[in-house]
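Worksheet: the structure to be examined is printed underneath.
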Amino acid sequence: MTQTDLVLLEKDRGVTTVTFNRPEALNALSAALRNRITETFFELSDDPETEVIILTGAGRAFTVGLDLKELGGEIEAEESISSRDLSEAMQACQQPIIGAINGFAITGGFEIALMCDFLIASTEAKFADTHARVGVVPGWGLSQRLPRLIGINRAKELSLTGNYLDAKTAAKWGLVNRVVSPEALLDTCRNLARDIVSTDPVTRNEIKRIMDEGWQATLSVGLDIELAANQTHSRSEVRAEKVASRRADIQARGRRQSSSQESGAGS
């Protein structure tokens, strides 16, 4: 593991774990931390050793968003904020980003969680959108992403009240994929990341791209995006022999998963 000031990086067999590292401030996004995490994602987007990214926080929080003490002038900013934007940096990553939500994900932290491709939450995770309470309009996409994930009525309830959402309810509403114990959070995310790494990288990156583009379009436009990608990809990357060579691996994986499920059901 290497540490670069406020961000921890750990690389293991194609999986890079990125950790916000201001636990004493609940990982509040000071100018310095925003600079570093932004640069980290831009760097990882071009890193051949990184196929999947796991994003999490040290201590009791994922991140509670912008450092309000710094913004209010109570403490001096450590350095000026970069002109490059964190949301731009995360969107620049073609690699899947798994959000490992270990604790509080508040306002800007909630927005960062929503930029991830999917979320796994600890039982200690809590989400809240307090933009309306602090007098700030969202700028990292929360007002648009959240309604698309959980429905506009539930999104309005969260954003207009500023109330907290616990992990269990977040899973019920479809915000997070699953909830696990704090001890199991990173292992669960790493196992999923390894599953992703085991797939064909060119194909999975293209699937991620067309899903992201289609999600922002109508169904009709999305189907056109998929068809165009299918035709281009079939001509350039996927050959019959390549598909055949992976078939045995897919069948073996299916047998292992079926066996594991049957064992679990009988225990």
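A few remarks follow.
- Spin-label model, residue 172 to residue 143: label points 7 Å out along the Cα-to-beta-carbon direction sit 2.9 nm apart.
- Extending 7 Å from the Cα toward the beta-carbon at both residue 160 and residue 223 defines two label points whose distance is 3.5 nm.
- Computed from the C-beta positions of residue 24 and residue 85, the FRET efficiency with R₀ = 30 Å rounds to 0.70.
- Inter-centroid distance (Cα atoms) of the range 202-222 relative to the range 110-158, Å: 22 Å
- Extension reserve of the residue 153-residue 183 stretch, reckoned as 0.36 nm per residue once the Cα distance is removed: 7.5 nm
- The local environment of residue 179, defined by Cβ-Cβ distances under 15 Å, has a net charge of 0 under the rule Lys, Arg +1 and Asp, Glu -1.
- Anchor residue 168: lysines whose Cα lies under 24 Å away (excluding residues fewer than 8 positions away in-chain): 126, 156
- Gain upon complete extension [residue 191, residue 39; 0.36 nm per residue less C-alpha separation]: 52.1 nm
- Here, the range 2-197 has an Rg and a Dmax of 15.7, 46 Å when only alpha carbons are counted.
- Overall, the range 41-191 carries a charge dipole of about 1040 debye about its Cα centre when +1 sits on the Cβ of Lys and Arg and -1 on the Cβ of Asp and Glu, all other atoms neutral.
- Shown is the FRET efficiency for residue 200 and residue 69, computed with R0 = 41 Å from the Cβ-Cβ distance and rounded to the nearest 0.05: 0.30.
- Going from the fewest other Cβ atoms within 10 Å to the most, the residues 115, 211 appear in the order 211, 115.
- Prolate/oblate/rounded label for the range 21-68 (Cα gyration tensor, a/c 1.5): oblate
- Per-residue extension of 0.36 nm, minus the Cα-Cα distance of residue 92 and residue 12, leaves a gain of 26.7 nm for this segment.
Laboratory data are not the source of any read-out in this text; all were calculated from the coordinates shown. Predicted model, so just to flag it, every value in this text is computed and none were measured. Every residue, glycine as well, gets a Cβ built from its backbone with ideal geometry; the counts of neighbours run over all protein chains shown.
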